[in-house]
Amino acid sequence: MRKRQVVLRREEPPRSSSTNSSLTSRSVRYAECQKNHAAGVGGYAVDGCREFMASGEEGTTAALTCAACGCHRNFHRREVETEVACDCSSPPPSNGA
């Protein structure tokens with residue numbers, strides 16, 4: 001039996017001492033369901049659910065279940081959109097050559 005090692009990585013904002021400030025905005029969206037419903041018989045079949053819709057309010061266990069297909073949110077493809085806005089108030093460095 002093979003041992004499997006899992007490494008979890010936590011992303012932290014970079015620590016910068018410069019006068020520039022930046023704001024990072026991330027939005028997470030869960031797309032189509034990828035649960036293989038025929039895995040028990042050796043096949044491959046997905047249910048066709050195109051987007052995760054929470055069954056309940058945020059913070060409840062129902063929020064992790066899709067209202068359309070009944071699957072857990074983890075079966076839906078996760079899309080992360082990152083937007084970085086930079087307030088570059090200092091002038092660009094000049095070459096003194």
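One table, with the values for the structure above:
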read-out: Per residue accessible area in Å² of segment 29-78, where ligands, DNA and RNA are left out and the probe is 1.4 Å; value: 68
read-out: Computed lengthening from A38 to R78, 0.36 nm per intervening residue step minus Cα-Cα distance; value: 12.2 nm
read-out: Stretch gain in nm, segment R50-R29, where the contour uses 0.36 nm per residue and the Cα spacing is subtracted; value: 6.4 nm
read-out: Kirkwood estimate for segment 24-84, i.e. one over the average of 1/r between Cα atoms, Å; value: 12.5
read-out: Unit charges on C-beta of K, R, D, E only; dipole of segment 24-84, Debye; value: 180
read-out: Cβ-Cβ FRET estimate between E57 and S22, R0 fixed at 35 Å, reported to 0.05; value: 0.60
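The values are calculated or read from the model by the stated rules, or taken from the named source; none is laboratory data. Because the structure is predicted, anything quoted here is derived from the model rather than measured. Positions of Cβ are generated from backbone atoms using ideal geometry, with glycine treated the same way; all protein chains shown enter the neighbour counts. The area values use the complete protein model at the heavy-atom level, side chains included, leaving out ligands, DNA and RNA. Shrake-Rupley method; radii C 1.70, N 1.55, O 1.52, S 1.80 Å.
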